[in-house]
1. Where the centroid of each part is defined by its Cα atoms, how far is the stretch 217-258 from the stretch 140-176 in Å?
2. Which angle between 0 and 90 degrees, to the nearest 10, do you get for helix 2-17 versus the longest principal axis of the chain when only C-alpha atoms count?
3. Straight distance only, please: which lysines reach the Cα of residue 99 with their own Cα at less than 26 Å, same-chain residues fewer than 8 apart left out?
4. Rank these by accessible area, largest first, 1.4 Å probe: 203, 166.
5. Could you compute Rg(Cα) / (2.2 N^0.38 Å) for the chain, with N its residue count?
6. Out of the total accessible area of the chain (probe 1.4 Å, heavy atoms of protein only), what percent is carbon and sulfur?
7. So with the 1.4 Å probe, I'd like the accessible area per residue for the stretch 129-188, rounded to whole Å².
8. Under the √(5λ) rule applied to the eigenvalues of the Cα gyration tensor, what semi-axes describe the equivalent ellipsoid of the stretch 20-106? Give them in Å, descending.
Amino acid sequence: MVIRHTALFIAFSLACLFSAGCTDNYIKVHSLKATVSEAPEVHGANTSQKPHSGTFRFTGKINSNRPNTSHEQISNHIHGSTYFTDVYYKLGGIDFSAKADFFYKRDEFFFGTGVGYKDGIYHNFLLGANLQHLEFGLFFGLYHQYSNLSYEVSRCTYDYDILTKSKETCEPSYKEQIDRFNHNPFMGGFAGIILDKMFFNYSVSVYSPQIKIEDYSLDAAIITSNYLTLGYRLNKWVEISGGAIITYLDTPLWYYGFSVGTSLYF
């Protein structure tokens, strides 16, 4: 990121040497408050699936995480000078999530796809192994997350001239508040133990919110969510589960919560 900005600055400055003068318009972000969410949860079939078979699963969960605010300073470089942006992430609270999954098993390996809702729509693909008492795999997807952004910025102009001294002029800072969807890729892995009708699984999911203000993108903190879930299959169609949510935001700060839910299989 720094190398790219430096290269653009050098190229822009050289172009200005062969002209009467140039003007560069940009913004400086002084502070930002953004609502973010835990990384989406993805896991396997929770049971030893029969080879060459497909399964649909519909899941609803209530999630509770302790509300908190995390703060970090991001270093930004413009025209050879450095300034810092204060970023405040709001995370946690009680919410509802829902998801539809499809799994197909071929021999010992299986693949799946799913679409869900948790503060926005997400969809994913997974690939792994489903054995008699064990399953594991990897996944990746895209998270269309709903966020509220509140920020303070200054609009600035930098004048280059070979005859006079270059200077920066900034308007007084102003505040804006918007609601938007951010499109964030995410990825992770899962592993589970299957004991007859009971299962225990662990899933880790990682993403970084893509925060963009006008034409300016911030390097947001990485969010890592760990899901520890214990469940029981009541019958062929109904499953209940509950567990812990442990989220790490590399500001650094840990968040703890829990979830309960039920699933229907077809």
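1. One Cα centre to the other: 35 Å.
2. Orientation of helix 2-17: about 30 degrees from the principal axis.
3. Result set, ordered by chain and number: 50, 61, 90, 118, 197, 236.
4. 166, 203
5. Here the Cα radius of gyration is 1.29 times the empirical estimate.
6. Ligands and nucleic acids excluded, carbon and sulfur reach 65 percent.
7. Value returned for the stretch 129-188: 61 Å² of accessible area per residue.
8. 46, 20, 10
The values are calculated or read from the model by the stated rules, or taken from the named source; none is laboratory data. Just so it is clear, the model here is predicted, and its values are computed rather than measured. For the accessible areas, the whole protein counts, side chains as well, though only heavy atoms, and no ligand, DNA or RNA atoms are used. Shrake-Rupley method; radii C 1.70, N 1.55, O 1.52, S 1.80 Å.
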